[in-house]
1. A:ALA287: within 19 Å of the chain's Cα centre (by Cα) and farther than 30 Å from A:TYR481 by Cα, yes or no?
2. Got a number for residues in region A:197-223 being charged (D, E, K, R), part of a strand (DSSP E or B) and either touching a Pro at 6+ places or on another chain (Cβ under 7 Å) or farther than 21 Å from A:GLY360 by Cα (or both)?
3. Given the criteria in contact with an Asp or Glu (Cβ under 9 Å, 6 or more places away or on another chain) and either touching a residue at least 40 places away in the same chain (Cβ under 8 Å) or more than 14 Å from chain A (Cβ to nearest Cβ) (or both), does B:ALA261 qualify?
4. Name the residue, out of A:GLY20, A:GLY57, A:GLY88, that is more than 14 Å from chain B (Cβ to nearest Cβ), under 25 Å from A:PRO248 (Cα atoms) and out of contact with any His (no Cβ under 9 Å at 6 or more places or on another chain).
5. What number of residues within region A:393-433 satisfy the criterion of being assigned to a helix (DSSP H, G or I) and of a type in the set (Ser, Thr, Tyr)?
6. Among the residues of region B:329-377, which ones are assigned to a strand (DSSP E or B) and closer than 14 Å to B:LEU212 by Cβ?
7. If B:PHE57 passes every condition in (1) crowded, with 17+ Cβ neighbours inside 10 Å; (2) at pLDDT 95 or above; (3) in contact with a helix residue (DSSP H, G or I) (Cβ under 9 Å, 6 or more places away or on another chain); (4) among the hydrophobic types (A, V, I, L, M, F, W, C) but one, which one does it miss?
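The values are calculated or read from the model by the stated rules, or taken from the named source; none is laboratory data. Since the structure is predicted, the reported quantities are computational estimates derived from the model, not experimental observations. So basically every Cβ, Gly included, is an ideal-geometry build from the backbone, and we count neighbours across all protein chains shown.
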Amino acid sequence: MSRVDRVVIVGGDAVAWLAGISLHRAFRHRGLDVAVVDTGRGKNTTNARWTLPSLRGMHSLIGVQEPEFLRRTGATFKLASEHIGWQGDGSRFLHAHGDIGTAIGAAPFYKFLLREQIAGRRTGPEPYSLAAEAARLGRFARPMTGADELTSSFTYGFHIDEAAYVEYLREHAIRAGIRSVAGAVASIDASETGRIRSVRLESGDAIEGDLFVDCVGLSETERDDWSAWLPCDRMACASAPPLANPPPLTQTTASEAGWTWRVPLTAATAVGHVYCSAFVDDDAALAKLASVAPEARDLRVVARFHSGRRRRFWERNCVALGQAALELEPLAGADLHFAQLGIATLIELFPLDGQSTVEGVEYNRVMAEHADSLRDFTIAHYRAGAARPGEFWNTTRVAPLPENLAHKLDLFGANGRIDVRDHESFEEVDWAWLLLGVRDMPSTLEMQMTSLLESVTAEQMEPLRTHIERLAGSMPRHLEYVRHQVSAPGRGTS
Amino acid sequence: MRPPLNIVIVGGGTAGWMTAAAFASVLGQQKCRIRLIESSEIGIVGVGEATLPHIRFFNKRIGIDERELMARTQATFKLGIEFVDWARLGDSYFHPFGAYGSRMAGVPFHNYWLRQQQAGDTTLLEDYSLPIVASRMNKFALPSEDPAAVLSTFGYAFQFDASLYAAYLRGFSEQRGVQRTDGKIVDVKLRGTDGWIESVKLEDGSMITGDLFIDCSGFRGLLIEQALKTGYDEWTKWLPCDRAAAVPCENASPLTPYTRATAREAGWQWRIPLQHRTGNGYVYSSGFISDDEVASKLLSRLDGKALADPRFLRFTAGRRRKTWNRNCVAIGLAGGFLEPLESTSIHLIQVAITTLIDYLTDTPASAEAPFDPRTVDAFNRWIEMEYDRVRDFLILHYHATERDDAPIWNYCRTMDIPDSLKHKMELFRHRARVVTYKDGLFLEPSWLAVYFGQRVIPQGYDPLADAADGAALARKMQQVREQIQTAAVRMTGHEDFLRSYCPAIKPAMTGARA
């Protein structure tokens, strides 16, 4: 039985470094040798990213201190995503990283909102969410556990300058003792059974390993094609001056053939455009970006992609992570989240020996469910609820929905119930934000919920709303909070 | 809002009365009018006299007082199931209602135990399970709410007389407005246009109409199958047992806080101690043994004097193709049958009831078809998932055996199993990893109990378990064992506990034995 003692990671993006640091930390006790073939950040990357709250867990696991991280990466906090124009011009909704109201007995609060909307009363989740209200006011404070349950009713992600983040992680990795070899891969040396023995670099050096982690897409294997649902295939980005009062939220705005984004950083505002090349050419897409961000500089097309995922992420002794595994527009901000799941699952299923295959089977089963659920959540932005008109938008609504998503939207449409199954990253409350936001109203509600909410009136919710308003208003301005954080002395960092 | 839904429940066994009680209590008379039709001429099967801890959620949701329930049903406590002679003759293992040790550094405890075993440690995995240690001592205590306490590491269920349970729920339901009709159904009238059930006709000629019919008529599926021809997926090739013989006997002391399932020459035998008697039964495959032989074997293997003649039941393992078809929902044996090896019968009834309550809508989809097909499909998918997961777990007991002393075991040991189970077993055998899921029955400790108990022995374990310091780990594990031992010794004897907590109250109406 041959032990897996050497892991070679190919790639130089955030995913590669996060994988390197995590594997190294997890298997220090057995002296696992981790090498990163640093292929650089690649051209396929945007200037900024927005993340889900789960990145905080990853950071704390690998010893990243938040103040230092914020300082080094020009990061700001993210309490929500604001989606503008997705149901037509003038529409907008928020998906906040936090609870909607507080449970009414056994009924989740959003059921009350559904009941109100079914009855034709205009109401939405935002006034009942501390995260949403703070995002609206441009204010931020970290959640706290204490006497007031609302102060712990939310969580947060980040907006990050991508180049700075990669550099920061690279330094962190090297300090941790990970070997790094810069260079591009020229060829792959595989055994008769197809297992990779080494990667040969353009310099001529061969890097041998027992297990390979592919963050660049070394090999072509079968893919699931998702472009029928998610036809966007290009990304452009640019950098605009920083906002005077940046809100702790990511903004996406529907365009003629895709959507643009705006991400506030401390030193800049990153903007971008995700679009479908069948409907708009690169020049027009860049022009669109320039029109939404007139002060932006350095406009460029950065990525050509094809929505889909690998059928088998783990093949023989090679595990694909990040963009090598999944190509999905960053609407939900889940790219790093998916990579983290891949890393965590790889650690949990780290092969006992070089020959076993059962780990790969399990890994592929679990990660496929993860990937498909992220796909479904993304598609739901296009497909649930009120629809934006337009040629491009019409084409996104042609293909029959993936089965699980169809089931989910069907059930919700029938009785307002949100079923979340195994290996779904987005929880009931996330779906509630989305479905309430896109005004995908069920025709009726569960009998039981109606009973529970029988005597509940909107007036009774007034104290909750004003309490949230007051709490949010008492938080510091977002930028002040960030500045205060980064000036705090860092702990345990070199 | 819809006018009250007219619900007609057909059949008054465990499934029927659980359904009536839950609907009456959770939705109430404003939302539904419930009529239950049962015939005092037709006996009830009285499925599963042993339950799972989940039943306590059900009781709580519908407002049943647990102590009263126990006193009225001659109930005892249940901390798990003892499996005897399953992997090899002479083996005994427990499937406990509780975890083995606790995770350390995010790694499930059993990996550390395996690591220590490889280093020469000889402790048993069951030494790290409080409900098992307590069961072996015939002790019981109510679990603690304090998550730091070792007494919080287990749950419990009940062993009760199913006919008394049905009688108790009948009283509970009638107090909440459920109408009971004594009568035998002789005909089911379907609507010409779409085949929905319009009414059922009783022997006395009366017709009972309804919006929603719940078929709790047992194996025969009076509505779901005989009237609606829904179809049934058979799982006999994996679960070959198709009959059972049941017989009560006198108690032998002490009353065990657990159910016992002993593998036999053509199936297995259950033993469920109640306060007033012990329930026994032999579940078998008619292809491997005759009824007469079963009867004599069963009678010769009782703790005490038999209190009745053996009663025989026939069934086919499987699931109705649609649990909810048109305006009929099949609950209990009418919906599917999985042998009571893991006491899942009442649980599957509970799941069907609570899921149905969860899914029912406030306004009808339309006048002709009041139930939205999207709701119906979602409901059916959910129930399917529940059945399929239980099925795999049951098959594991039969398949993972080394026994070659009887044809049934040779068959099961070598049969082809579902791919989903094959993968689970392979992963466990390779590295002690349990495939877990968010919904559905049986969490990691259950799978561990049965894998290890059935001698599915892992070759390796999670390499993350090697990160812990060996000496510190050994100390920690010793501490866990001692805590459990001490806690178990301090518990009360099961019989004493019952005597002071819920001594049996003689029922006013002594129902016929199920």
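1. No, not satisfied.
2. Here the count works out to 1.
3. So B:ALA261 fits the description; yes.
4. Answer to the check: A:GLY88.
5. Of the residues in region A:393-433, 1 are assigned to a helix (DSSP H, G or I) and of a type in the set (Ser, Thr, Tyr).
6. B:VAL329, B:ALA330, B:THR361
7. Only one criterion is unmet by B:PHE57, namely (1).
Residue-wise test of (1) over 20 Å from B:ASP215 (Cβ atoms); (2) touching a residue at least 60 places away in the same chain (Cβ under 8 Å).
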| residue | (1), (2) |
| --- | --- |
| B:GLN29 | yes, yes |
| B:ARG35 | no, yes |
| B:ASN59 | yes, no |
| B:ALA71 | yes, yes |
